[in-house]
Amino acid sequence: MRTLEELAEKEQYLLSNIDSVQGTMEEKYHLLKEAGVFDQFKNIHVHYAAMCGKDLEALKRAVFLMWYSRVEPAFLSGINELDLDSVSKTMESLNDCLKNSIIDSELEWMINYYSNWGYLFEDFKHLDSINEFLLKEPEESKLPLSINQDIMKNRGQMGRYWNSLNRFE
């Protein structure tokens with residue numbers, strides 16, 4: 001199994017490939033598919049999902065990739081379809097963490113943010129702790145006032161996304 005650092009490095013490599021692809025949306029999609037980028041991101045998510053029951057950082061990245069795959073087109077994100085077993089494992093791990101109060105403030109605001117796109121959680125209505133969490137009003141802002149951009153740099157596509165928001169500049 002790969003480490004979080006190795007997975008983040010692999011993500012950075014794939015992101016540089018995505019950034020270098022030129023053409024129309026369809027051409028970019030085809031080129032990324034041919035280059036195996038979609039399969040590699042699927043595999044990265046499988047690795048995060050395998051670790052997310054024991055590692056909160058892996059859970060954050062796995063949930064992020066699930067969310068991002070649903071809100072960003074594949075030709076921009078490099079994420080097409082994810083492994084369904086890994087998606088289920090990720091959401092079950094998230095449910096367990098919420099049930100057992102094994103959650104930090106960062107994961108809390110991330111989930112609150114993702115909940116703005118409710119369809120991320122639609123297929124998991126049977127997971128009670130997630131649904132209870134989503135029903136309560138967040139006590140704090142959905143996003144923090146600032147994030148540590150240096151720490152986010154080494155967190156794969158998730159870190160890249162959070163660092164791209166001008167709210168934190």
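The values are calculated or read from the model by the stated rules, or taken from the named source; none is laboratory data. Owing to the predicted nature of the structure, the values given are computational and were not obtained by experimental measurement. Cβ coordinates were reconstructed from backbone atoms using ideal geometry, including for glycine residues, and neighbour counts include every protein chain displayed. With ligands, DNA and RNA removed, areas are computed over all heavy atoms of the protein, side chains included. Shrake-Rupley method; radii C 1.70, N 1.55, O 1.52, S 1.80 Å.
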Of all residues in the stretch 36-59, how many are open to solvent by 10 Å² or more (accessible area, probe 1.4 Å) and touching a residue at least 12 places away in the same chain (Cβ under 8 Å)?
11
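Restricting attention to the stretch 130-138, does a residue exist that is assigned to a loop (DSSP other than H, G, I, E, B) and at pLDDT 85 or above? So that I can check it myself, show each step before the final result.
Our first condition is that a residue be assigned to a loop (DSSP other than H, G, I, E, B); within the stretch 130-138, this holds for 136-138.
Now restrict to residues that are at pLDDT 85 or above: none.
Within the stretch 130-138, none of the residues are assigned to a loop (DSSP other than H, G, I, E, B) and at pLDDT 85 or above.
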Looking at this structure, is Glu92 at pLDDT below 95, of a type in the set (D, E, K, R) and touching a helix residue (DSSP H, G or I) at 6+ places or on another chain (Cβ under 9 Å)?
no
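Let's see how each residue does on (1) within 14 Å of the chain's Cα centre (by Cα); (2) crowded, with 19+ Cβ neighbours inside 10 Å; (3) within 30 Å of Tyr13 (Cβ to Cβ); (4) of a type outside the set (Gly, Ala, Ser):
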{"site": "Arg61", "(1), (2), (3), (4)": "yes, yes, yes, yes"}
{"site": "Tyr68", "(1), (2), (3), (4)": "yes, yes, yes, yes"}
{"site": "Asn80", "(1), (2), (3), (4)": "yes, no, yes, yes"}
{"site": "Tyr113", "(1), (2), (3), (4)": "yes, no, yes, yes"}
{"site": "Ile130", "(1), (2), (3), (4)": "no, yes, no, yes"}
Of all residues in the stretch 10-34 being among the hydroxyl-bearing types (Ser, Thr, Tyr) and part of a helix (DSSP H, G or I), the one that is surrounded by the most Cβ atoms within 10 Å (Cβ to Cβ):
Tyr29
Being under 30 Å from Asp19 (Cβ atoms), within 18 Å of the chain's Cα centre (by Cα), aliphatic (A, V, I, L, M) and open to solvent by 40 Å² or more (accessible area, probe 1.4 Å), is that true of even one residue in the stretch 148-165?
yes
Please work out if Arg70 is among the basic types (Lys, Arg), modelled with pLDDT under 95 and part of a helix (DSSP H, G or I).
yes
Pairing a residue in the stretch 119-131 that is small (Gly, Ala, Ser) with any residue that is part of a loop (DSSP other than H, G, I, E, B) and surrounded by fewer than 12 Cβ atoms within 10 Å (Cβ to Cβ), where Cβ atoms lie under 9 Å and the two sit 6 or more apart in sequence or on different chains, gives Ser129/Asn100
